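*Asks:* A single structure is presented below for examination.
The values are calculated or read from the model by the stated rules, or taken from the named source; none is laboratory data. It should be emphasised that the depicted structure is a prediction, and the values quoted were computed from it without experimental measurement. A quick note on method: Cβ atoms are made from the backbone with ideal geometry, for glycine too, and the neighbour counts reach across all protein chains shown. What goes into the accessible areas is simple: the full protein's heavy atoms, side chains included, and nothing from ligands, DNA or RNA. Shrake-Rupley method; radii C 1.70, N 1.55, O 1.52, S 1.80 Å.
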Amino acid sequence: MYSAAAAAAAAAPPRRDFISVTLSPEEAVGAGGYNNSKAWRRRSCWRKWKQLSRLQRSVILFLFAFLAVCGVVSYTSMGEPWKSLTNKSLDDQRTEPGIPGLKLANPAVLPAPQKADANLGDYPELSPQKLPKPPHVRRGPSNLQIKPPRRDVRLKTRHGTSRVVEEPVQADKEDKTEKSVISWRGAVIEPDQSTEPPSSKIKEPEKPSSVEDVDQKEPVAINERQMAVIEAFRHAWKGYKDFAWGHDELKPLSKSYSEWFGLGLTLIDALDTMWILGLKEEFEEARKWVANDLVFDKNVDVNLFESTIRILGGLLSTYHLSGDSLFLEKAKEIGNRLMPAFKTPSKIPYSDVNIGRGTAHPPRWTSDSTVAEVTSIQLEFRELSRLTGDEKFQKAVDEVMKHVHTLSGKNDGLVPMFINTNSGQFTHLGVYTLGARADSYYEYLLKQWIQGGKKENELLEDYMRAIEGVKKHLLKRSQPKKLTFVGELAHGHFSAKMDHLVCFLPGTLALGAHNGLTADHMKLAEALIETCYQMYAQVETGLSPEIVHFNLHAQKGHKDVEIKPADRHNLLRPETVESLFYMYRFTGDKKYQDWGWEILQNFNKYTRVPTGGYTSINNVQNPSNPEPRDKMESFFLGETLKYMFLLFSDDIDLINLDKYVFNTEAHPLPIWAPA
């Protein structure tokens, strides 16, 4: 007991005694003591610190260290916003060398594109230059709505043409901020008048905006060429109404119809065309059919892609132009009935859906879907989510794009034509084309980026890389006129084959240049639209075949364009007229209107059926007998004549391309604007 106590006493720290002395202020000062100086205060603080126990000092040090860490974290999260605010005035004053009016971008997020191979050395006209100026802004009728007007929108007729003109919308006054998004070859891309894509959170459905009177622009009269388009449409509509009303497509020669889905494809495809052309009576008649007879609850397989771009796209577009909620309700119904297509192991949708049973499946002969089909439904489903507040539509199609973005098997941005719905991987590798089965993939990369406010950089990155891939691998020049064309690549072997479908590309390139992309794209667009026109001009009927082959070597007595017997049919396709519209809208060059006028005259000469309607033909090389096929595709009314009418218009506010983006079936959907 004693030894333990003695040991404890020996281990205890020695006792310290303190003496407290109190001095008066005078004594302290006189003795050189406390005088409120900094040195005295430091000694006093140190003495207090030494009097604290080791635990107390550790706790205080830990608190200081914790506060320091919090400060660092706060600085990293808040530093950039404060920095951008303080530097904004400086950024606004700096411009990109050689590109007046464009602000310097933040460091580019895209890698600099590789130089194309020696093939592009043959194209001096594709060197960068300033973007062409848009045509002179002419005064015209009030703008079409970006947001849908009320259903009771008032209609007016002018100049005896039954042209429908909407009451203008009172623009919402929004604070606009300028923010550079991305830089590519010195061109700055900015979200001019768009906003963030719809939130992943479910929101209230988008409501139509009210229609209020604002300063009215003077009307732009319908010109003779536009009147000719209206007459052509009415002639085609007469045949459809007389012989195929409510069915998918007209067979004008046999005065009957053909059925694909049994959903009135031609009628739905033509709704917004009638609105744009001002055909009020025809539109109201078609609306009644949609209200009373359009039924989706039927046991029928429909193609996901075709029903999306024609039916869903047509209904959404018509809703925006007319403000009639009937079309939105029908759009929601068909959108929901198409959703089973996305129930696949890979989330890559099946090609076919039974809209009555709610089941989906791939084609009978394969488990593959085409790349163009699964990546060209996004504009429509994204817009459906924005309008309804239901995120499932956009989520499904965005997953497809994100998945394709990560896939291997691309060749400098070019994608194969097929993708497997089970594995989610590309199949039939090594074949690259901008024609059938791949074309609209490239179109929708750019248009989704525009639709969403130029913020989704992955889409722009894939688009820019793909165009560089086109230049590197697919671009050649023909003989003898040295026409620039886009061929195909199969396992390293180049083919001088070009589908008429590829003639969407000049318009898409021009649209990209208009939205701030490199001026090289506009130069390439100008070269390619010349080629697409020559695909008509060098043919006996003045109408393009479905496919052409270009001569790469000069041969006496041979033109640039060669046509094989299996490829010489014409389906009344819109792609060249579509690109002519974009080119005229962005350049103001009248030759594009003249070329479109030639095409319309040749359609009237060789495809018009006297009793009503137009027909596709089998032989564009035989003017005396073009061999009519007895079928009028729905896209002739939905796309070809619509683009013709817009091409001949000098009113740039008639579907303003800074407010609308066209889907691949020519149905305009709004660029997302501030809420």
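*Asks:* Probe radius 1.4 Å, ligands and nucleic acids ignored: give me the carbon and sulfur share of the accessible area of the stretch 419-572 as a rounded percent.
*Replies:* 51
*Asks:* Counting pairs of alpha carbon atoms under 8 Å apart in space and at least six apart in sequence, what relative contact order in percent does the stretch 312-371 give? Write out the running numbers ahead of the final one.
*Replies:* Working: 61 pairs, mean separation 12.6, N = 60.
About 21 percent, as a whole number.
*Asks:* Taking amide H atoms as placed 1.01 Å from N in the peptide plane, list the residues 5 or more away in sequence, or in a different chain, whose amide H sits under 5 Å from that of Ala360.
*Replies:* Correct list: Asn354.
*Asks:* Okay, moving on. ³J(HN,Hα) across the stretch 261-271 via Karplus (A = 6.51, B = -1.76, C = 1.60, θ = phi - 60°), whole Hz, x for Gly/Pro?
*Replies:* With coefficients 6.51, -1.76 and 1.60, one gets 10, x, 10, x, 3, 4, 5, 5, 4, 9, 4 Hz.
*Asks:* Can you list residues whose amide H is under 5 Å from Tyr614's amide H, if they're 5+ apart or on another chain and H is modeled 1.01 Å from N?
*Replies:* Val609
*Asks:* I've got another one for you. Accessible area per residue, 1.4 Å probe, Å², for the stretch 291-377: what's the number? Present the calculation step by step, with values, prior to reporting the outcome.
*Replies:* Details: 2920 Å² over 87 residues.
Result: 34 Å² per residue.
*Asks:* Sort the following peptides by mean Cβ neighbour count (other Cβ atoms within 10 Å, averaged over residues), highest first: 418-429, 531-542.
*Replies:* 531-542, 418-429
*Asks:* Give me a comma-separated list of calculated 3J(HN,Hα) values for the stretch 517-529, in order, Karplus coefficients 6.51, -1.76, 1.60 applied at θ = phi - 60°, integers in Hz, x for any Gly or Pro.
*Replies:* With coefficients 6.51, -1.76 and 1.60, one gets 6, 4, 5, 3, 5, 5, 5, 5, 4, 4, 5, 6, 5 Hz.
*Asks:* Once neighbouring chains are kept in place and the probe is 1.4 Å, which whole percent of the accessible area of the stretch 584-675 is contributed by carbon and sulfur?
*Replies:* Carbon and sulfur atoms account for 44 percent of the accessible area of the stretch 584-675.
*Asks:* Fully extended, how many nm does the chain gain between Ala291 and Glu259 (0.36 nm per residue separation, minus their Cα-Cα distance)?
*Replies:* On the way: separation 32, 0.36 × 32 = 11.52 nm, distance 2.02 nm.
Between Ala291 and Glu259, full extension yields 9.5 nm more.
*Asks:* How high is the relative contact order of the stretch 364-501, in percent, with contacts defined as C-alpha pairs under 8 Å that are six or more residues apart? Mind dumping the intermediate values first?
*Replies:* Values: 202 pairs, mean separation 33.1, N = 138.
Relative contact order for the stretch 364-501 comes out at 24 percent.
*Asks:* Still on this structure, please answer the following. Quick check: residue separation of His405 and Ala566 times 0.36 nm, minus the Cα distance between them. What number comes out in nm?
*Replies:* Full extension from His405 to Ala566 adds 54.4 nm.
*Asks:* Work out the FRET efficiency for Ser74 and Glu458 from their Cβ-Cβ distance, taking R0 = 22 Å, and round it to the nearest 0.05. Mind dumping the intermediate values first?
*Replies:* Details: r = 30 Å, r/R0 = 1.38.
It comes to 0.15.
*Asks:* Accessible area per residue, 1.4 Å probe, Å², for the stretch 547-629: what's the number? Don't skip to the end; give the middle numbers.
*Replies:* Working: 3470 Å² over 83 residues.
In whole numbers, the stretch 547-629 has 42 Å² accessible per residue.
*Asks:* Taking θ = phi - 60°, what integer Hz values does the Karplus form 6.51 cos²θ - 1.76 cosθ + 1.60 yield along the stretch 341-352, in sequence order, with x for Gly and Pro?
*Replies:* Values, residue by residue: 4, 8, 7, 10, x, 9, 6, 7, x, 5, 7, 10 Hz.
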